Amino acid sequence: MVGDGGYSACVSPQAPPPGLLIVDKPAGMTSHDVVAKARRFLRTRKIGHAGTLDPMATGVLVLGVERATKLLGQLALDRKTYLATISLGVATTTDDAEGEVVARADESALAEVADSAITAEIAALTGDILQKPSAVSAVKVDGKRAYARVRAGEEVDLPARPVTVYRFDVLAQRRETGRLELDVMVDCSSGTYVRALARDLGAALGVGGHLAALRRTSVGPFTLAKARSLEDVERDPGLSLTLDEAVAAAFPRVDVDAPVAAAVRHGQRIPAAGRDGTYGVFAPDGRVLALAQDTGRTAKPVVVLDPA
């Protein structure tokens, strides 16, 4: 959960209901900024986010409100989709448009980049790959964010790590004098850096490249269809999904009878549901009780969301 000092005087005695707020983050704001505004608009301090977006990026940012903050560490948000613009011919210190230019290809080299070469190198960056995160990423190095170490003047060389790029499709291409831009769609695993894809594509083509624009269209099961602008939240404070709806959207559902529901509310073990991984346990009235996992013949509540 992200802090927002000095806000306690604005907290309403009537807390909002628990659930998820899916925000369509505007450009130029940090995820921390979005959380701070959401706290003010919903009049509660109990808001956290599931993953971050860079300030230059827009799109889906998942916020947990009240008891739904307990979901954030359990959400299997392992697949994300982006619309992006890659600018070939210019490499930057941050692998995106906010960094300083470190290399620029001449016009003749850029003009010689064939469509077939772009297709081949994108194919090489699709599937299970090893990717080196940007030095200014949020990856921690000895407990400190890589970008903080870079800003402090340190040199950071992060090791490559496995990620999966399920789709990397070119949607449009623009060729002008001294510029080659690609509009792409990327569907990838959590931990994949789209700006690193832009960097590596440019390097493979021999002309350099960086990320010019980025919009996240989905995080796990949550898409822009449920996203709200901050202006809309300010005008009409409220959630995108109730706690019941959020769990039903993100986890397999198991419905139990009243005696089992009572046991769950007390944090007790219940009969196994025969499901792999984490699942939502729902009472006869449709309310979510907990997230649980099977351990042999019984199931153990991981998070009790509706305690006795």
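The values are calculated or read from the model by the stated rules, or taken from the named source; none is laboratory data. Please read all numbers here as calculations on a predicted model, not as lab measurements. Here the Cβ positions follow ideal geometry from the backbone for every residue, glycine too, while neighbour counts run over all protein chains shown.
All told, ALA290 meets the bar of being over 30 Å from PHE168 (Cα atoms) and in contact (Cβ under 8 Å) with a residue 12 or more places away in the chain. The helices (runs of 4 or more DSSP H) found wholly in the stretch 197-297 and carrying at least 3 residues that are within 22 Å of GLY73 (Cα to Cα) and under 21 Å from the mean Cα position of the chain (by Cα) occupy 243-250.
Taking the criterion of being of a type in the set (D, E, K, R) and in contact with a Lys or Arg (Cβ under 9 Å, 6 or more places away or on another chain), the residues of the stretch 80-106 that qualify are LYS80, ASP95, ASP96.
Residue by residue, here is whether (1) more than 20 Å from the chain's Cα centre (by Cα); (2) within 30 Å of PHE168 (Cα to Cα); (3) of a type in the set (Ser, Thr, Tyr); (4) in the same structural domain as PHE168 (by TED's automatic domain parsing) holds:
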{"site": "GLY19", "(1), (2), (3), (4)": "no, no, no, no"}
{"site": "VAL35", "(1), (2), (3), (4)": "no, no, no, no"}
{"site": "ARG39", "(1), (2), (3), (4)": "no, no, no, no"}
{"site": "LYS46", "(1), (2), (3), (4)": "no, no, no, no"}
{"site": "ALA50", "(1), (2), (3), (4)": "no, yes, no, no"}
{"site": "PRO55", "(1), (2), (3), (4)": "no, yes, no, no"}
{"site": "THR92", "(1), (2), (3), (4)": "yes, yes, yes, yes"}
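Residues are listed down the side, and each one gets a yes or a no for (1) at pLDDT below 95; (2) in contact with a helix residue (DSSP H, G or I) (Cβ under 9 Å, 6 or more places away or on another chain); (3) outside the structural domain of LEU171 (by TED's automatic domain parsing); (4) in a helix (DSSP H, G or I):
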site: SER87; (1), (2), (3), (4): no, yes, no, no
site: VAL102; (1), (2), (3), (4): yes, no, no, no
site: ILE118; (1), (2), (3), (4): no, yes, no, yes
site: ALA123; (1), (2), (3), (4): no, no, no, yes
site: ASP128; (1), (2), (3), (4): no, no, no, no
site: VAL136; (1), (2), (3), (4): yes, yes, no, no
site: VAL156; (1), (2), (3), (4): yes, yes, no, no
site: PRO159; (1), (2), (3), (4): yes, no, no, no
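Has the stretch 57-80 got any residue that is without any contact (Cβ under 8 Å) to a residue 60 or more places away in the chain, surrounded by fewer than 22 Cβ atoms within 10 Å (Cβ to Cβ) and among the polar types (S, T, N, Q)? The answer is no, given that none of the residues of the stretch 57-80 is without any contact (Cβ under 8 Å) to a residue 60 or more places away in the chain, surrounded by fewer than 22 Cβ atoms within 10 Å (Cβ to Cβ) and among the polar types (S, T, N, Q).
Applying the criterion of being within 18 Å of ASP96 (Cα to Cα) and under 27 Å from the mean Cα position of the chain (by Cα) to the residues of the stretch 174-187, the residue that is surrounded by the fewest Cβ atoms within 10 Å (Cβ to Cβ) is MET185. Taken over the stretch 212-258, the criterion of being among the acidic types (Asp, Glu) and touching a residue at least 40 places away in the same chain (Cβ under 8 Å) is satisfied by GLU234, ASP244, GLU245.
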